[in-house]
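Every number in this text was worked out from the coordinates using simple rules, so none of it is lab data. If you're wondering where the values come from, they're calculated on a predicted model, not measured in any experiment. Neighbour counts are summed over all protein chains in view; Cβ atoms, including those assigned to glycine, are modelled from backbone coordinates with ideal geometry.
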Amino acid sequence: MHRLISRMLSVTLTALTVAATAVAPAHGGVPRALPPGTAFTPLTASLITTPAPVKAVDGRIHLSYELFVTDAVPAPVRLDRVTIRDARTHRVLASLSGGTLASSANPVGNLPPGEGTDLARTMPHPPVVRSSTQLVVWIDVALAASTRLSGQVEHELDGALLLPSGGSPFRETVARTPLAARAPLDLLAPVRPGTWYVSEGCCGNTHHRRGLAPVNGVLDVPQRFAVDWFRVGRGNRTWEGDPGRLTSYLSFRQPVAAAAGGRVVEVQDGIADNPPPVPPTVPPIQDTVGNHVTLQVAPGLYLLYAHLERGSVKVRYGQRVAPGQTLGLIGNSGNSTTPHLHFQVMTTREFFPTDSPPFTFRSFVLLGQVRPRIWDDNLGLQPTGVLPVAPSPFQGRHRDEMPLDREVIRF
């Protein structure tokens with residue numbers, strides 16, 4: 001096999017990607033045919049989740065997931081384009097190339113850019129995958145609400161082998177995968193009625209969306225659709241007075257509520273609240289989400305309420321809770337810089353390891369959009385606690401939809 005691959009790399013694209021339709025004879029001299037399209041491919045591709053369609057406030061259906069691309073040959077590979085298609089109709093759903101692809105990918109193990117950085121400047125343009133290394137492509141497909149999906153997607157990769165003799169282009173179709181058949185959970189508000197800032201939500205470059213976590217030998221994106229909720233008061237204020245005091249934040253000690261009926265399967269309390277507004281020392285893995293409550297609300301689906309105030313948890317392990325029941329109060333425990341509620345759906349009762357499927361809310365009003373990235377780590381470092389809320393083209397009442405990152409809504 002090694003000699004075969006070496007030979008293929010030294011010749012042409014055709015030698016690498018030609019479909020194997022004529023193969024060695026089987027017993028008795030009868031030729032055996034491989035499935036049509038069987039070919040050697042320089043790149044392999046895989047997913048770590050089942051993509052789940054979800055309708056958002058922009059009126060579009062979003063598919064947000066990760067494609068892991070590995071260079072499986074002893075030569076670098078330039079990745080020019082990633083095309084996502086309906087696997088049965090072969091209709092193109094989205095295509096990433098140029099700067100869009102460069103800003104949507106990074107090598108596994110490289111941290112995504114922080115605030116004020118541009119991934120397109122740190123990745124080659126187009127990206128190059130080195131031999132035996134892996135690239136993660138962060139995919140967000142946004143489709144018209146009327147789009148009909150067959151239930152499977154596939155991925156077409158265009159690129160070139162970077163050989164000493166020059167670039168040798170190729171095209172391969174890989175990673176055919178089903179879409180989630182179960183609709184996202186449609187939930188009540190996880191907080192009390194009022195105005196709230198949706199921070200680090202779907203589907204852009206946030207620490208939730210691009211938080212790739214290797215746990216127990218497995219890669220997960222445990223916060224893919226998580227939201228950090230901040231209470232917003234008069235004049236769009238999130239804090240008043242001294243940002244170094246917990247009580248200055250309007251979110252602090254706000255009640256959190258069961259967004260669906262269920263059973264308490266995880267409770268943690270007793271962790272001290274961090275003093276704002278500077279990020280705390282990263283806690284041990286078991287204290288990442290701080291004081292928290294986890295509800296099981298359906299088979300294999302759990303709601304996480306994280307960073308609660310020490311001593312505020314009002315439920316016990318095994319307790320059945322009704323929709324809207326108070327679970328505890330917002331605090332600043334665990335890996336939290338300023339008081340907020342970290343809320344998400346999980347596929348396990350534990351935060352590590354877990355998968356993060358999408359969810360929608362039954363009813364809310366979209367009030368506006370915050371354009372700069374103001375989030376947990378820099379909220380208390382702003383000159384004031386006032387959010388610069390701008391108009392949104394999607395303002396108004398929404399039902400059974402998912403809010404997007406940096407929107408201000410009213411429950």
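Data overview
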| quantity | calculated |
| --- | --- |
| Placed amide H near Val232: partners under 5 Å, 5+ positions off or other chain | Thr195, Trp196, Tyr197 |
| Using θ = phi - 60° and Karplus 6.51 cos²θ - 1.76 cosθ + 1.60, couplings along segment 310-324 (whole Hz; Gly, Pro as x) | 4, x, 9, 5, 10, 10, 10, 4, x, 6, 7, 10, 8, x, x |
| Cβ-placed point charges (K, R +1; D, E -1), dipole of segment 55-203 about Cα centre in debye, nearest 20 | 360 debye |
| Where a label projected 7 Å from the Cα of Arg397 along Cα→Cβ would reach, residues of segment 335-378 with amide N under 18 Å | 361-368 |
| Euclidean distance of C-alpha centroids, segment 371-409 and segment 339-367, integer Å | 17 Å |
| Gained length - Ala181 relative to Thr44, 0.36 nm times residue gap less alpha-carbon distance | 46.8 nm |
| Relative contact order %, segment 336-411, counting alpha carbon pairs below 8 Å whose residues are six or more apart | 41 percent |
| Around Phe361: net Lys/Arg minus Asp/Glu count, Cβ-Cβ under 12 Å | +1 |
| Viscosity 1.002 mPa s, 20 °C: Kirkwood-radius Stokes-Einstein D of segment 44-178 over Cα pairs, µm²/s | 137 µm²/s |
| Dipole magnitude of segment 131-285 about its Cα centre (Cβ charges: Lys, Arg +1; Asp, Glu -1), debye to nearest 20 | 420 debye |
| Under 14 Å, Cβ to Cβ, from Leu79 - net charge with Lys/Arg +1 and Asp/Glu -1 | -1 |
| Gaussian network model of the chain, springs between alpha carbon atoms under 10 Å - residue of Ala180, Ala189, Ala142 with greatest fluctuation | Ala180 |
| Net +/- balance of residues flanking Thr348 in space, Cβ distance below 12 Å, scoring K and R +1, D and E -1 | -3 |
| Positive-end residue, the chain charge dipole about Cα centroid, Cβ charges, pick of Tyr65, Leu179, Gly270 | Leu179 |
| Rg/Rg_globular for segment 122-210, with Rg_globular taken as 2.2 N^0.38 Å and Rg from C-alpha atoms | 1.60 |
| The chain - convex hull of alpha carbons, volume per residue in Å³ | 161 Å³ |
| Positive-end extreme of charge dipole, segment 185-410 - chosen from Cys202, Gly233, Met346 (charges on Cβ) | Gly233 |
| Alpha-carbon gyration tensor eigenvalues x 5, square-rooted, for segment 244-302, Å | 26, 16, 9 |
| Farthest positive-ward along segment 44-178 dipole, Cα basis, beta-carbon charges - from Ala45, His90, Leu135 | His90 |
| For Ser363, distant residues with modelled amide H under 5 Å away | Asp400 |
| Long-range amide H partners of Arg224 with built H, under 5 Å | Ser356 |
| Magnitude of the charge dipole, the chain, Cβ model with Lys/Arg +1 and Asp/Glu -1, debye to 20 | 760 debye |
